[in-house]
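In what follows, a single structure is set out as structure tokens and then discussed.
Laboratory data are not the source of any read-out in this text; all were calculated from the coordinates shown. What you are looking at is a predicted structure, and each value in this text was computed from that prediction instead of being measured. Here the Cβ positions follow ideal geometry from the backbone for every residue, glycine too, while neighbour counts run over all protein chains shown.
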Amino acid sequence: MVKISEKRHGLGSEHPLCDRIQLIMLVLFLVVWGIDSLSFFIFGYSTVLVNVISFPALLLPSFASLGFGLYLVAKSHNAVFGQTRVQPKLLDSGVYSWVRHPMYLGILLFCLAFFSVSPSLLSMGVLLVFFIFYDKMAAYEEKSLTQILGEEYVAYQKRVPKWFPKLFSRSQQ
């Protein structure tokens, strides 16, 4: 199976197991979350923390996380795959000016939205493992991007946070 980044000149290399890891982790998270949530509603026992936090209070962070996550995925996917580049070019505008890995962050926020609806200790553990895998994959890809783009990417790393979005620069505050 050929990855999109292998067909497109100038894109950094993905971790060799990137697609498989993402699919496995997403399915694992959704299965654990689903089983744990259903066991709460059917058997009345699980690690779901609904008794600690009222359900309506869970909806706002869920919708916010889902909306922002989908926005990040859509915008970053369009920025990377929306146009063909002959020469390698650093993407540092739009969502890439907020965070270096908006697509990964968007997927994590998507999972966080499900977690927010019925937070459980098990799904929190899987979400944490998911984040660790994404962090490792991002580090792998950043090495490749540093080799391709050199000092320009190193300066970008200093300017833009890896995971927590910087929505406003100092000049805008």
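The distance between label points at residue 121 and residue 28 comes to 1.9 nm (points 7 Å beyond Cα on the Cα→Cβ vector).
Maximal additional length on extending the residue 132-residue 152 stretch stands at 4.6 nm, based on 0.36 nm per residue less the C-alpha distance. Of the trypsin sites (Lys or Arg not before Pro) found in the stretch 71-150, those in coil by DSSP whose Cβ has at most 16 other Cβ atoms within 10 Å are 85, 89. Taken along the Cα-to-beta-carbon direction at a fixed 7 Å, the label points for residue 144 and residue 21 span 1.1 nm.
Distances between placed amide hydrogens fall under 5 Å for residue 120 paired with 49, all partners being 5 or more residues away or on another chain.
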